[in-house]
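Below: the structure, in structure tokens.
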Amino acid sequence: MPKNEDLNDDALATLEKKADSLIAGKKKILSSESVESKKFDDLQALLSEEQKVLRELREKIGTEFEGQTLVLCESSKSKVFLTSLAKIVLEKERKPALVLTTMNYHSALDLLNEAKVDSSKVWLLDTVSKNLMPVKEKGGLFFIDSLRDLTQLEIKIMQMIKTEGLCFVFDSMSVLALYHEDPVIYKFMYSLTKILHKYGVTAFYLLTDKRLLSHSNQFFDNIIEFGKE
């Protein structure tokens, strides 16, 4: 009889282990499903936000697609505005040239892919990477040493505009305040917009800091403002 009880105890222990294993497996599956569900919800929210931004940008830009346009938006939405502007430029059968001041080209490519923008049709001017790692220019990918050298940035842009159909989109003019005093920023904005005007190149400049607006608004043909909801 004791042997039978021992066998029953062993069998019960085995069953308990199997049950625990099954429960753990189900918890893991549920946890994984929860993570995937959250990712899906986040993606849906992002797409919904992008659709709204796209619609509003199209309305405010209108049929006129020339000149220098300053786009004032919240910093939390600047990435959505960047990819939305890239889509609008492509819709106009132009080539977007994104000037990256807040991210490197790897992050920009990921962002474009997430937003379903064909990155092979987009040029990137990376102002971040060269100061951190060895990089090499190749088709549609350009670099400058640092945002500290605005003259170098201006020269690089002048080299790029030799290609017809380019439309520049600056991911953030506000970042310049981390490197330069306001008078230097205003001088750069004036010089750059004057050059692009001269060569008939369209450009959009994202700005998240109204402080820079008061002394720079005269440099732009259009100012589009998106406030908090």
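Look at L54 and say whether it is outside the structural domain of D221 (by TED's automatic domain parsing) and at pLDDT 90 or above.
Yes: the conditions hold for L54.
Do any strands (runs of 3 or more DSSP E) lying entirely in segment 150-228 carry at least 1 residues that are closer than 13 Å to L70 by Cβ, among the hydroxyl-bearing types (S, T, Y) and touching a residue at least 60 places away in the same chain (Cβ under 8 Å), and which ones are they?
Here the list reads 202-207.
Output the residues belonging to segment 76-109 that are among the hydroxyl-bearing types (S, T, Y) and either surrounded by fewer than 17 Cβ atoms within 10 Å (Cβ to Cβ) or not assigned by TED's automatic domain parsing to the domain that holds K121 (or both).
S76, S107
The values are calculated or read from the model by the stated rules, or taken from the named source; none is laboratory data. Quick caveat, the model's predicted, so the values are computed rather than measured. When we count neighbours, we look across all protein chains shown, and the Cβ atoms used for this are built from the backbone with ideal geometry, even at glycine.
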